[in-house]
Amino acid sequence: MTFIDRVRIRVKAGNGGSGISSFRREKFVPMGGPDGGDGGGGGDVVILADANLSTLLDYTYRDQWRADSGDHGSGSNKTGATGDDIVLPVPPGTIVRDASTGAILAEVLADGERVVVARGGRGGKGNAFFATATRQAPREYQPGEDGEERELELELRLIADVGLVGQPNAGKSTLLSVVSAARPKIADYPFTTLAPNLGVVQLSDSRTFVVADIPGIIEGAHEGKGLGLQFLRHIERTRILAFLVPIDSMDWQAEYDQLRREISTYSAELAAKPHCVVFTKMDLLGDDEPPPIEAPDAFGLFTISAAGRTGLDPLIAAWWKQLLALRKATAVAAQPAELP
C-alpha cells in the first residue's frame, strides 16, 4: 500500500434549509394563522480516527467533500429534515490544519475520536416563529445559513512507543521484522525503507507495545536532506528512541553523535526523550560486548544480531521497563491534586 502522510482537501458543510411562509387553510377553520415550518440544519464535516487505517491515501483520489444540506420547512409547522453529516476517517495521529492560516484545528489520537471541522448552516425560521399577539399574520421567514467551507491540510504523525532511528542500512527493518509480525522491505542498499513501518511486539500476559521503523536519517536530515523532514516528524510522538549503530560502521561514536545531533537540531523536546543505543549486526564481530562509546544520557547500551536472533530479549525487556515507568508517570501526572 502506498504511504501518504500529507494531503490537502476542501470540505463544505451542508447549508441550512429555509423556513417558509405558509398559512393554515382548512375547511371550517377560517383565518387559520401562520404555519410555516423551520428549515433543517445542514450536516457537519466530521474527522474520525480509525485504527484500521495507516495512510491518507484515500484523499489523493478525491479532494472535495461535501455534507448534505438541510431540507426546507413546509406547512403545518413541519421542520425540514437535518442534512446528514459526512464523516472522513483518518488514521489516529492525524493533525488537521486550516490550509490558509496554518492554524491547527484538531488532532485525533485515539481510535473512535471525532471532531467537527466544518459546521453545518443553521436552518431558517418559518413565519410561524414570528407570530405574536399583536402580529398574528406575519409573512416573513428566514433563509437558511450557509455551511462552513474550508481548505484543510491533513498531516499524519505515527503513534508508536519505540522509534528506531539510524542511518540507511543500520538494521532497523530487520530488527522490526524479528521482534514483531511486521514484514518491511529488507535489502542491502540505502533507503530500502521509503515509508515508516509499524510493528506490534507481543510479550507474555497480553502485554504489547508498538515499534516504528523510521526511514534512514543522514547528516542534514533536519534540513530536508535524504528523506529528511519527510519522516523526521513521525518520531515526534514516540515515547522512546533507539539509536541503531551497525557494528561495521567506520566510527561508532561519530555515527551516534551525528544521529543525536540531527534529532536535537530538529526538536529539543524530541532529543530529551529516553533513548538507548543498539549495536546491530554483532554476528559480523562474533562478540557480545558493546563497543566503548560515550553515551551518558542513554538508559542502556545493547548488542544484538537480528539475523542471528541474539540479544533481543534484554533489549525488549529494557524497552518495556522504560515504557512502564513512563506510563506510571503519566498516570500520576493526570491525577487531580488533593484539596488542602
Within segment 128-168, restricting to residues that are of a type in the set (A, V, I, L, M, F, W, C) and over 22 Å from the mean Cα position of the chain (by Cα), the one that is surrounded by the most Cβ atoms within 10 Å (Cβ to Cβ) is A128
For segment 217-271 the number of residues that are at pLDDT 85 or above and touching a Pro at 6+ places or on another chain (Cβ under 9 Å) is 8
Positions within segment 283-308 being within 26 Å of V178 (Cβ to Cβ), modelled with pLDDT of 85 or more and not small (G, A, S), in sequence order = I293, F299, L301, F302, T303, I304
Considering only residues of segment 298-331 that are assigned to a helix (DSSP H, G or I) and polar (S, T, N, Q), which is surrounded by the most Cβ atoms within 10 Å (Cβ to Cβ)?
-> Q322
Determine if segment 130-141 includes at least one residue that is closer than 24 Å to K12 by Cα and touching a residue at least 60 places away in the same chain (Cβ under 8 Å).
-> no
Could you grab me the full set of residues in segment 78-102 that are of a type in the set (S, T, N, Q) and more than 15 Å from S18 (Cβ to Cβ)?
-> T94, S100, T101
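Looking for something surrounded by fewer than 14 Cβ atoms within 10 Å (Cβ to Cβ), over 25 Å from the mean Cα position of the chain (by Cα) and under 18 Å from G300 (Cβ atoms) - is there at least one such residue anywhere in segment 276-287? Walk me through it before giving the result.
First pass over segment 276-287, keeping only residues surrounded by fewer than 14 Cβ atoms within 10 Å (Cβ to Cβ): 284, 286-287.
In the following step, the residues that additionally are over 25 Å from the mean Cα position of the chain (by Cα) were identified as 284, 286-287.
Still in the list and also under 18 Å from G300 (Cβ atoms): 287.
Within segment 276-287, one or more residues are surrounded by fewer than 14 Cβ atoms within 10 Å (Cβ to Cβ), over 25 Å from the mean Cα position of the chain (by Cα) and under 18 Å from G300 (Cβ atoms).
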Give segment 79-122 a look and list any residue that's assigned to a strand (DSSP E or B), of a type in the set (A, V, I, L, M, F, W, C) and free of Cβ contacts under 8 Å to residues at least 40 places away in the same chain, or say none.
-> I104
Near pairs, Cβ below 7 angstrom, 6+ apart or cross-chain, from segment 146-158 (over 14 Å from I235 (Cα atoms)) to any residue that is surrounded by fewer than 21 Cβ atoms within 10 Å (Cβ to Cβ) and small (G, A, S) = E151/A99; E151/S100; L152/A99; E153/A99
Quick one: in segment 240-275, of everything that is assigned to a helix (DSSP H, G or I), hydrophobic (A, V, I, L, M, F, W, C) and under 23 Å from the mean Cα position of the chain (by Cα), which residue is surrounded by the fewest Cβ atoms within 10 Å (Cβ to Cβ)?
-> A268
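Return yes when L105 is touching an Asp or Glu at 6+ places or on another chain (Cβ under 8 Å) and either closer than 30 Å to F23 by Cβ or of a type outside the set (F, W, Y) (or both) and no when it is not.
So L105 passes the test.
The values are calculated or read from the model by the stated rules, or taken from the named source; none is laboratory data. Owing to the predicted nature of the structure, the values given are computational and were not obtained by experimental measurement. Cβ coordinates were reconstructed from backbone atoms using ideal geometry, including for glycine residues, and neighbour counts include every protein chain displayed.
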